[in-house]
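In what follows, a structure is listed as structure tokens, so that the remarks can point back to it.
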Amino acid sequence: MRKNIFYLLLVQLSNYIFPLITLPYLVRTLGVDKFGYLMLGQALIQYFILMTDYGFNFSATKKIATSTSIDERNEVFTETLNAKIILVTLCLLLMLIIINIIPMFHSISTVCIILFIGVLGNIFFPVYLFQGMEKMKSIAWVTVLARTLMLLSVFMFVKDNNDINAAALAFSIALIVPGIISIYLIRKNHIAAYTGFSFPKAFIAIKASTPLFISQIAITFYTTFNSILIGHVFNARQVGIYSAADKLRGAVQSLFIPVQQVVFPRINAERANIKEKLKVYGGLFILFSLIICVSIFLIGDKIVILYFGNQYTESANLFKWMSVLIFIVSVAIVFSQWGMITLGKEKILTKIYIVGAILHCMYAPFFTKNFGLFGTLSSVILTELTITVFMGVFLYKIIKRHR
């Protein structure tokens with residue numbers, strides 16, 4: 001377990017540390033406006049990545065973790081990959097419609113198309129397979145290699161504010177390389193085998209993951225949507241300011257992901273004792289989160305100023321208060337992924353997220369228009385808090401009945 005946590009930590013750190021190295025360079029080289037446009041493109045593409053993942057990192061992981069033969073594993077791998085192929089085709093059609101009818105995205109259509117190449121690569125990166133088998137070593141180095149190539153591409157090819165397309169391609173490389181090499185490793189080591197395309201089985205996989213997808217799209221809607229909302233209400237510069245703080249928040253949040261991913265299959269395997277497991281794993285996880293978040297609240301603004309410079313004072317203040325958001329999200333992970341999903345209550349969880357997304361849509365535009373970027377952040381905190389409270393209440397009732 002400790003080795004898996006280490007490898008996952010290595011993967012997640014590479015996912016965020018390498019971009020953080022390039023972040024100040026991109027801001028200075030592209031300029032805040034072009035950087036903001038790049039972040040707008042990323043916000044749109046993030047929806048497509050989520051649509052192609054479609055909750056398989058949980059549903060397929062559970063199937064892999066409980067599979068008893070190579071044939072079962074092959075079936076899960078095949079039906080999941082087929083489902084992703086169908087979904088990425090639909091996403092491509094949707095993106096072409098969006099960049100042709102929405103002016104904000106039409107102006108960065110080339111950037112969006114280049115970034116979409118990364119979505120194609122991502123569907124061949126079977127995180128669910130390695131998570132379910134608790135074997136992350138084989139792809140950890142591949143991810144680091146991909147991030148290294150991204151880093152080198154940025155510094156070699158992004159030279160001025162006209163190189164936004166090169167920056168987008170560098171981001172796509174970070175998703176393409178792991179997909180290609182991981183498929184090679186799967187074939188070479190006979191971890192799983194693709195047995196052929198089947199529409200019926202692919203749709204069965206999609207149907208099984210739909211509740212998780214709806215809950216995840218709800219989460220992403222009220223987080224990724226904020227960049228699009230800021231771009232619509234204000235301009236690309238404000239998107240850049242908010243995104244700078246949010247990128248740092250994501251880097252901090254990545255510290256929790258390895259533990260989150262490694263503990264998930266273990267709790268699933270021992271769900272008969274879920275109350276005790278949540279007390280142990282959840283308690284330690286929340287304590288770790290609290291320590292990190294208090295530290296950010298105390299010195300987070302100074303870190304941003306040191307990293308980005310004095311011109312990012314607003315980003316510094318935003319990041320300081322994002323510590324509250326980080327803590328709430330950590331508690332929600334325990335309640336939702338480790339608790340409700342393990343107990344098979346995805347439908348209830350989906351309804352909670354849908355309610356949260358609807359509420360966010362109701363007050364986020366008002367908060368943003370009247371209180372600026374801090375209004376946007378306040379709306380996200382309010383939404384996360386509301387959702388987490390609902391999760392806690394329902395999980396308590398479910399565990400009480402489960403006994």
*Compare V233, V111, V262 in a GNM of the chain, Cα atoms joined below 10 Å, and give the one with the largest fluctuation.*
V233
*Say each of K369 and D71 gets a label point 7 Å from the Cα, pointing the same way as Cα to Cβ; how far apart are those two points in nm?*
6.1
*For Cα extents along the principal axes in Å, the listed values are (1) 56, 53, 40; (2) 85, 41, 35; (3) 55, 44, 39; which was obtained by calculation from the structure presented?*
(3)
*asked:* Nearest 500 deg cm²/dmol is fine: what mean residue ellipticity at 222 nm does the chain get from its DSSP H runs of n ≥ 4 alone, each adding -39,500 (n - 2.57), divided by its residue count?
replied: -29500 deg cm²/dmol
*Only Lys, Arg, Asp and Glu count, each charged at its Cβ (+1, +1, -1, -1), so figure out the dipole size of the chain about its Cα centre, rounded to 20 debye.*
1080
*At a Förster distance of 56 Å, what's the computed FRET efficiency of I85 paired with F155, Cβ-Cβ distance as r, to 0.05?*
0.95
*Partner aspartates and glutamates for K400 [C-alpha distance under 16 Å; skip if fewer than 8 residues away on the same chain]*: E276
_Net length gained if the chain between I354 and H232 were fully extended (0.36 nm per residue, minus Cα distance)_ = 41.6 nm
*Inter-label distance, nm, simple model (7 Å from Cα along the C-beta direction), T313/T195*: 6.4
*Along the Cα-to-C-beta direction of I303, a point sits 7 Å from the Cα; which residues of the stretch 214-238 have their amide N less than 14 Å from that point?*
none
*Gaussian network model of the chain, Cα springs within a sub-10 Å range: biggest mean-square fluctuation belongs to which of K320, K279, K159?*
K279
*What number comes out for the charge environment of R28, summing +1 per Lys or Arg and -1 per Asp or Glu over other residues with Cβ under 12 Å away?*
+1
*Residue pairs, from the table K84/K247; K135/K279; K247/K275; K188/K279; K137/K201, whose Cα atoms sit over 32 Å apart*: K247/K275; K188/K279
*Which of the helices in the chain, when you take each full DSSP H run, stretch at least 18 Å along the axis at their Cα atoms and have an average Kyte-Doolittle score of 0.5 or higher?*
2-53, 70-101, 109-122, 137-157, 164-188, 199-233, 257-269, 283-308, 313-333, 346-402
*Separation in nanometres of the label points that stand 7 Å from Cα toward Cβ, at L93 and V280*: 4.9
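Where a number appears in this text, it was derived from the coordinates with a stated rule and is not lab data. Values in this document were obtained by computation on a predicted structure and should not be read as measured data. Neighbour counts are summed over all protein chains in view; Cβ atoms, including those assigned to glycine, are modelled from backbone coordinates with ideal geometry.
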